[in-house]
1. What does the extension gain come out to for residue 51 and residue 30, with contour length at 0.36 nm per residue minus their alpha carbon separation?
2. How much accessible surface area, in Å² rounded to 10, belongs to the heavy atoms of residue 128 with a 1.4 Å probe?
3. Residues in region 472-493 near a label at residue 525, defined as backbone nitrogen under 14 Å from the 7 Å Cα→Cβ point?
4. Using the basic label-point model (7 angstrom from Cα toward the beta carbon), what is the residue 334 to residue 41 distance in nanometres?
5. Provide the FRET efficiency to the nearest 0.05 for the residue 286-residue 505 pair, computing r from the beta carbons and using R0 = 41 Å.
6. Any chance you could run the full-extension gain for residue 261 through residue 667? It's 0.36 nm times the residue separation minus the Cα-Cα distance, nm to one decimal.
7. Quick one: what are the phi-derived ³J(HN,Hα) couplings along region 538-547, Karplus 6.51/-1.76/1.60 with θ = phi - 60°, whole Hz, x for glycine and proline?
8. Given R₀ = 41 Å, FRET efficiency for residue 92-residue 182 by Cβ-Cβ distance, to 0.05?
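The values are calculated or read from the model by the stated rules, or taken from the named source; none is laboratory data. This is a predicted model, so every value here is computed, not measured. Methodologically, a virtual Cβ is constructed for each residue, glycine included, from the backbone with ideal geometry; neighbour enumeration extends over all protein chains shown. To get the accessible areas, we keep the full protein, side chains included, count just its heavy atoms, and leave off ligands, DNA and RNA. Shrake-Rupley method; radii C 1.70, N 1.55, O 1.52, S 1.80 Å.
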Amino acid sequence: MNTAPATPSIPAKPHAKTHAQRALTKLGLVRDIDFALHLPLRYEDETHITALRDARHGETVQIEAVVTQSSIQSRGKRQLMVTVRDQTDECQLRFFNFYPSHQRTLAVGASLWIRGELKRSLAGLSMLHPSFKPAVGELAQVLTAVYPTTAGLPQGYIRKAVWGGLLRASQRSELSETVVISHLPSLADSLELLHHPTPDVSIAELEDKSHPAWQRLKAEELLAQQLSQLQARRERAKMRAHALKAPPAQGDVSLINQLLAILPFQLTAAQERVQREIAADLALAKPMNRLLQGDVGSGKTVVAALAAAQCIEAGFQCALMVPTEILAQQHFAKLVGWLEPLLATRGLSVAWLSGTQKAKERREMLAKIESGEAALVVGTHAIIQSKVTFAKLALVIVDEQHRFGVAQRLALKEKTQGDMYPHLLMMSATPIPRTLAMSYYADLDVSTIDELPPGRTPIITKIARMTKRDEVVRRIVDQLKAGRQVYWVCPLIEESEAVDLVNATETHEALQAALKNVSMGALPSAKVELLHSKIPTPAKKAIMQAFEKNEVQVLVSTTVIEVGVDVPNATLMVIEHAERFGLAQLHQLRGRVGRGLAASACVLLYATNESGRLGDAAKARLKAMVDTTDGFEIARRDLDIRGPGEFLGARQSGAQMLRFADLSKPEDQDWLKWAQVTAPTLLDAKPDMALKHVERWLPSGSSFMGA
Ligand code: ADP
Ligand code: MG
């Protein structure tokens, strides 16, 4: 059980980075304070036992009971049926998804703590998919916190890490108050309460974040946001006063013209327009700060290549940074194909940098970058490591900027010589609604590609219940017979990666079996591969490459199909448990198909809850996907469904992004007003304290927001 011991042992910070630790880092959990501020998503009350006799219909309760019967029923849907009994009554537990480990724990005679929603009907008491564990040791003393987590990070692990961080932070007085707010508990007390609430605290107040402890956190968060924006505004004013310089890329357009001549297509009008906007900026001696937004498949890469060509022709170097290696390699392949022959005639080359590169190759690349021979450098964040020295960097292009942190952007600025700043071009397929763009990125210029290249057949999107899987498998067989390829995406839900991996593995096996099944139309030569986060990077790459070469026809994967993967022969995307995905994510995934001339389709498989319903938000998301393939319309609907606070969600990097405060709530707007008034006074009166406060709240590794 998850009791909070009176004197918890502080887990030492281990040295070797395990998978779990990398996952923590990915969540931005590095410093003790990051852990202390990583707050529960929800709570489970496991502090007491309810007698079955006293449990009301529809109530979520914990019972202590002994298993009296356990069997697998295969009438209708296959299910595990378990009968348990306490001193007062009997209850049926039903599981539709179950594994051998379930059956072992639920063996006859086992005494268990079982937690779930109780149903009373004529047939008696029952629970569907309850959680359970052996009834050993003591019951929890406090409410059990459930933390936001990610792939490869079990609740137990993250819980221990968070509590350790909280304890260390409070022992080192890192939780001291910036501002006293008279009617609210201190930060330290608030955090203690939120991580370890005693049973008398109202779960409802915790979950809707109206509890005073939550208000303290929201006030502090908003204060940090206001302080950092104020600080950034003052910095920018200072920079403007100093008239920042950048290398002007002016002159000959012969490289651009050569590049245009070898492209297998004509630019769209939108591509031409944004290219002109960017070209004009690059020719100036002041740094460009521009966002290039355009839907998935709108052709941003070629615009980036043209911007690079302009700078290279003017005698400078360019860096193209991408968030993942798979993406980096794809860009590399395409850009090399286009640019390398042209650069070669000028004695220049393209360099490639990645974290997993062999030392020798890396040394060669670094030398070329330092000498200036490498006119274009493509890579992951390896580019911004301190060992990389550019001879004359003029342009930095960042693809899928929403996955890049502020710190990385700032680090790039430091790569230029003297008092020069490089031009910055950020590319994103997740359009930011105009009103938000203006309030959040005040000094960012935006170019928009609002048109897809011609000749694309629109993607047809269908939704279907998970029970229709067999029909979907038939569709897959049809596509394969037509020589096409297929993606099948299984979700990773955050709380139970192990179970999801089992699901993905089962789907993989089921598809393999189906393709051998004669009644399905057998296609034994088709190859199905499984891709998930536990597969090491080199093996992942090999699978992706095999898929690109059509040596693999069906790719089953958890969401690791990286943004930007380009396999035009893939014409069908199946997304399982589509109701669990966010709208932007669904749109990104769908964008993997419809890249060639053949008609493409996307099937969204959804599962309903026990009462056969789909939540309103999930329904709205699926409907939006069926209604439109326009990324801007999708973004607009997403905003409607989620509200602005969530749209720029916690996961997006950047100081302004709020994790806890929700500006659609009136009381949080009041805290915003308070923070707006408090920030300037604090920054003037106690600049050190203001700085400390911002650092506490900024995600690890980032620094003052420059954009
Ligand atoms: P994204 O904006 O998602 O990064 P890409 O740059 O990867 O899109 O382009 C998607 C595909 O469209 C690529 O195969 C690219 O070569 C092709 N493409 C880009 N521009 C055009 C165009 N004007 N006409 C036809 N195909 C194009
Ligand atoms: Mg792209």
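1. Values: separation 21, 0.36 × 21 = 7.56 nm, distance 4.30 nm.
Here the segment from residue 51 to residue 30 would lengthen by 3.3 nm.
2. The accessible area comes out at roughly 40 Å².
3. 480-484
4. 3.3 nm
5. Numbers: r = 54 Å, r/R0 = 1.32.
It comes out at approximately 0.15.
6. On the way: separation 406, 0.36 × 406 = 146.16 nm, distance 5.86 nm.
Here the answer is 140.3 nm.
7. Along region 538-547, the couplings run x, 5, 4, 4, 4, 5, 4, 5, 5, 5 Hz.
8. Numbers: r = 53 Å, r/R0 = 1.30.
Using R0 = 41 Å, I get an efficiency of 0.15.
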